[in-house]
Amino acid sequence: GQFLAASIQRRDTEPRSAIIYVWNVPKQALEMPLEYSGYWAIPTYLPDRTLRVAEVYENEVVIWDTFQQEKLDTFEHRGDTRAAQFSSDGQQFAIASPRDFQVWRENAPQVVSLQGHLGHPNSVTFTQSGKTLVSGHTAGSGIVFWNVAEKRAQQTLLMDTALTSTI
């Protein structure tokens, strides 16, 4: 609660970059702007109030602990970024492209790839437990619930039908 972080894409620079603005809400004051060279930066606060940022480039994602100014991990990302989101605890990060989803997990040896999604994804979010990734797709394609550990779709909610299970 006391701080708000927001990412703004800078299109006035070449190459494009992103700035994370951090405000102290009770003081109504800008605490610090943090500039990233990636074309997109996604912030999230961890339960311990640590600010984590995913810096997205065309073919790479860098995960940062901003308060420690420490690079936590880097992984290759393929394709045009359609959506990206941290889990509520900040220990996972999902990024979606037309080809697949990739899920980074803190302290995991490699990124998990989820393939076989419907159409072009336009949103991703983790359930509260972090075990399921939910993706929304272009109009008419539906919503897919992914079991991250098993790397597969569990359920699909089509826009014109009831919830179906692929278990």
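Phi angles of segment 77-87 translate, via the Karplus equation with coefficients 6.51, -1.76, 1.60 and θ = phi - 60°, into HN-Hα couplings of 10, 10, x, 5, 6, 9, 7, 7, 6, 7, 6 Hz per residue; Gly and Pro are given as x. The lysines whose alpha-carbon is closer than 24 Å to the alpha-carbon of LYS131, local same-chain residues fewer than 8 away aside, are LYS151. Under 5 Å from the amide H of ARG10 lie the amide H atoms of SER17, ALA18, ILE19, each residue being 5 or more positions distant or on a separate chain, with H modelled from the backbone and absent for Pro and chain starts.
Quick one, which of (1) 32, 23, 12; (2) 29, 17, 16; (3) 46, 16, 14 is the actual semi-axes √(5λ) of the Cα gyration tensor in Å calculated for this model? Identified label for the calculated read-out: (2). Give, rounded to the nearest 20 debye, the magnitude of the charge dipole that segment 1-142 has about its Cα centre when Lys and Arg contribute +1 at Cβ and Asp and Glu contribute -1 at Cβ. For segment 1-142, the charge dipole is close to 360 debye. Between GLU106 and GLU150, the simple label model (points 7 Å from Cα in the Cβ direction) yields a spacing of 2.7 nm.
Heavy atoms of the protein chains alone define the surface here; on that basis the chain has 56 Å² accessible area per residue at 1.4 Å probe size. Remark: relative contact order (the chain) = 10 percent; criterion is Cα-Cα distance under 8 angstrom and separation of 6 or more residues.
The values are calculated or read from the model by the stated rules, or taken from the named source; none is laboratory data. The structure displayed is predicted, hence computed values, not measured ones. All Cβ positions, even for glycine, are placed from backbone atoms using ideal geometry, and neighbour counts span all protein chains on display. These accessible areas exclude ligands, DNA and RNA; they are computed on the full protein's heavy atoms, side chains included. Shrake-Rupley method; radii C 1.70, N 1.55, O 1.52, S 1.80 Å.
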